[in-house]
Amino acid sequence: MSLKQINFPIKLNFFKKLFLLTIGIVFLTIITSFIFNSFFLDKFYIYRKKQSIIEIRNNIIKLIDDRDKLDNYIYFAEDNFGVKIDLNLRPHMNSTKKIYNSLKFNESKFKIGEIDGTSGVMFIRYYEKLNNGYMLSIRSSMAVIAKHIHDIFIFNLFTAFFSLFVSGILVSIFSKKINRNIMYLKNSARKIAKLEYPDNIKLSSGDELEELAQSLNEMSKELSFAIENLKLFVSNASHELKTPISVLCLYSQALARDHVPSERKKEYYKTMLEKSLEMRTLTESLLTLSKINSPDYKLTTQQIDLKNIIKTSLEQFDYIEFEKNINVITNFSNVKINGDYNLLKIAINNLVQNMLKYAPDDSNVEIFLESNILTFKNIITTKINKKTTDLFEPFQRGENALDKNTEGSGLGLSLVKKILELHRFNFDLKIENNYFIFKILIKKPD
């Protein structure tokens with residue numbers, strides 16, 4: 001490899017970049033000031049002098065008919081503005097006579113130069129030939145700017161070095177403080193990347209870095225909570241799958257080795273089928289929950305007959321109804337809604353199945369629609385100590401389900417909650433007077 005192919009990247013941290021940028025801006029400002037002073041200071045001075053002379057001329061014209069006031073003003077102007085004012089009927093200086101003769105009445109002109117051509121002192125002069133025949137002459141020396149322009153340059157040079165020195169100190173302090181805050185945020189972000197999740201990321205800078213610290217702190221808490229939930233979810237899913245898999249393995253081994261009496265083989269096959277269906281239901285629920293939790297998931301909406309979905313769901317689970325001798329009371333009309341048919345079918349199936357599974361034998365369950373509110377209502381025999389919001393978490397089940405060893409994974413209400421949220425349907429779950437009541441506010445098509 002040749003030397004030309006070797007690159008030596010120069011890395012500058014934020015402190016150095018900010019320091020160099022600020023010093024560069026200060027230096028550019030100083031250079032710009034020098035350039036403007038060199039090329040435009042005298043022009044600006046002349047412009048301001050002309051404006052001042054024109055103002056004096058206007059005041060003289062106003063007072064020209066009042067000699068006393070005019071004399072007082074001329075004395076005042078000469079004393080305060082550093083000008084020399086002549087108002088003569090017949091100019092006595094040859095140079096002024098020439099200008100007087102060359103001007104028309106009410107005509108004026110500015111001249112810049114030496115008075116006699118030999119003194120070396122520059123003047124700015126204003127001439128005007130008035131209507132009454134008088135010649136107005138106002139002149140002001142430019143010796144001040146000529147005398148002090150060198151001093152101004154020296155002073156500007158001293159100011160430039162002083163500004164660079166002070167700016168360097170202030171920028172250094174400010175940059176180090178900002179760099180310290182950025183390094184703090186950088187280290188916090190690295191901890192989050194390593195799944196350490198700092199408890200309290202906080203800055204009191206009063207700027208965007210403080211807002212960034214707050215965002216990182218919220219992100220750390222949310223990620224920590226999400227990871228814990230994910231671990232719990234995986235643990236619960238593994239536990240739910242472990243039991244039916246163990247049963248299937250045990251029963252299949254027994255059948256393969258012919259250790260099962262003929263009269264019990266049917267029982268073993270039935271249990272294996274039930275566990276297989278249980279695993280299929282669980283995996284389907286997990287896949288559905290994973291799919292609808294994806295940020296890029298989109299609903300496939302269409303017009304749906306709500307009554308038909310509920311009727312189909314009741315027919316699907318009528319075996320529970322007959323087995324437990326449950327009386328299903330329905331009261332709803334034909335209602336059309338917009339939504340994803342497959343997802344809403346899953347939500348309704350879960351609500352109907354839960355209602356029938358957890359209702360006691362020989363009891364009534366109700367499904368009715370009133371004022372656009374679809375209600376699922378069933379009695380429960382065991383007090384639920386958990387908060388209703390906890391029941392929407394994956395693998396959370398009520399005590400009555402555990403006491404009775406009721407089949408289920410605890411994913412039903414999680415699916416229902418997510419599906420209704422995707423459709424932006426408001427819903428509410430209450431447990432009152434031993435009744436489990438689930439309400440959904442139905443949105444009709446426009």
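General observations
- Annotation for region 270-320: trypsin sites (Lys or Arg not before Pro) lying in DSSP loop with at most 15 further Cβ atoms inside 10 Å of their Cβ are LYS298.
- Sorted peptide list for 417-429, 38-50, criterion being average Cβ within 10 angstrom, highest first: 417-429, 38-50
- Residue ranges 209-221, 320-332 sort as 209-221, 320-332 when ordered by packing (mean number of other C-beta atoms within 10 Å per residue, highest first).
- With all protein chains kept in place, the per residue accessible area of region 216-366 amounts to 63 square angstrom at a probe of 1.4 angstrom.
- Dipole magnitude of region 34-90, debye to nearest 20 (Cβ charges: Lys/Arg +1, Asp/Glu -1, about Cα centre): 300
- Backbone geometry of region 20-28 corresponds, through the Karplus equation with coefficients 6.51, -1.76 and 1.60 at θ = phi - 60°, to 3J(HN,Hα) couplings of 5, 5, 5, 4, x, 5, 4, 4, 4 Hz, x marking Gly and Pro.
- Chymotrypsin sites (Phe, Trp or Tyr not before Pro) lying in DSSP loop within region 254-299, provided at most 13 other Cβ fall within 10 Å: TYR297
The values are calculated or read from the model by the stated rules, or taken from the named source; none is laboratory data. None of the values given here were measured: they were computed from a predicted structure. We place every Cβ from the backbone using ideal geometry, glycine too, and count neighbours over all the protein chains shown. Side chains are part of the model used for accessible areas, which takes the heavy atoms of the whole protein and leaves out ligands, DNA and RNA. Shrake-Rupley method; radii C 1.70, N 1.55, O 1.52, S 1.80 Å.
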